[in-house]
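Let me begin by presenting the structure, written as structure tokens, before commenting on it.
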Amino acid sequence: MLDADSDDAAHHALPLPAQSRLPTAPQDRPPLIAREQRDLLCALAYVALGVGDGVQAVTLLDLVLREVPDDAGALRLMAYARVATGDGPRALEALERLEELRNEAGEGEPPAPLLLLRSQALRLSDRLEEGRATFRRFVAARRGRPPTREIAA
């Protein structure tokens with residue numbers, strides 16, 4: 001027969017239920033990286049790209065974008081890094097998100113460098129016709145005029 005004291009001891013010996021391991025929403029917690037750390041990671045990624053280490057740049061930028069997924073500067077660098085590593089489809093993902101952010105901000109046509117980057121990502125994704133069309137938009141943007149339509153021969 002169990003007495004009240006042993007029943008109470010047995011109750012306290014039971015394991016406590018595990019707390020939820022689901023990640024909390026970013027607004028529910030302080031940021032994991034401060035602005036200065038974000039800037040440092042982006043600068044290191046930029047240097048890695050400069051010395052031809054696109055894989056290292058992608059790794060560093062993944063850290064930033066996990067914490068701040070809508071960081072336009074990090075998304076732009078990520079698109080460059082993905083192109084540098086030959087990953088056209090993932091470069092296009094970064095460029096699409098960057099384009100969404102530009103549209104939300106009411107910005108117009110993408111600047112020429114982003115058009116060139118998109119054309120390279122399309123080429124790497126085996127979307128050659130789209131890549132050529134985007135490259136023509138890039139050339140027109142560099143010349144400061146709207147793209148012209150080519151007549152098929």
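The values are calculated or read from the model by the stated rules, or taken from the named source; none is laboratory data. Everything quoted here is computed from the prediction, not taken from an experiment. With ideal geometry, Cβ positions are generated from the backbone for all residues, glycine too; neighbour counts draw on all protein chains shown. Heads up: the accessible areas ignore ligands, DNA and RNA and are worked out on the full protein's heavy atoms, side chains in. Shrake-Rupley method; radii C 1.70, N 1.55, O 1.52, S 1.80 Å.
Just one of the listed residues (Pro69, Pro110) is assigned to a loop (DSSP other than H, G, I, E, B), within 26 Å of Ile33 (Cβ to Cβ), out of contact with any helix residue (DSSP H, G or I) (no Cβ under 6 Å at 6 or more places or on another chain) and not small (Gly, Ala, Ser), and it is Pro69.
Taking region 44-61 only, how many residues are within 28 Å of Asn103 (Cβ to Cβ) and open to solvent by 30 Å² or more (accessible area, probe 1.4 Å)?
Here the count works out to 2.
Pairs are defined by a Cβ separation below 6 Å, a sequence spacing of at least 6 or placement on different chains, a first member in region 116-144 that is on the phi < 0 side of the Ramachandran plot and part of a helix (DSSP H, G or I), and a second member that is among the acidic types (Asp, Glu) and surrounded by fewer than 21 Cβ atoms within 10 Å (Cβ to Cβ); the pairs so defined are Leu122/Glu130. Can you tell me how many residues in region 62-99 are open to solvent by 70 Å² or more (accessible area, probe 1.4 Å), acidic (Asp, Glu) and at pLDDT 95 or above? Selection size over region 62-99: 2.
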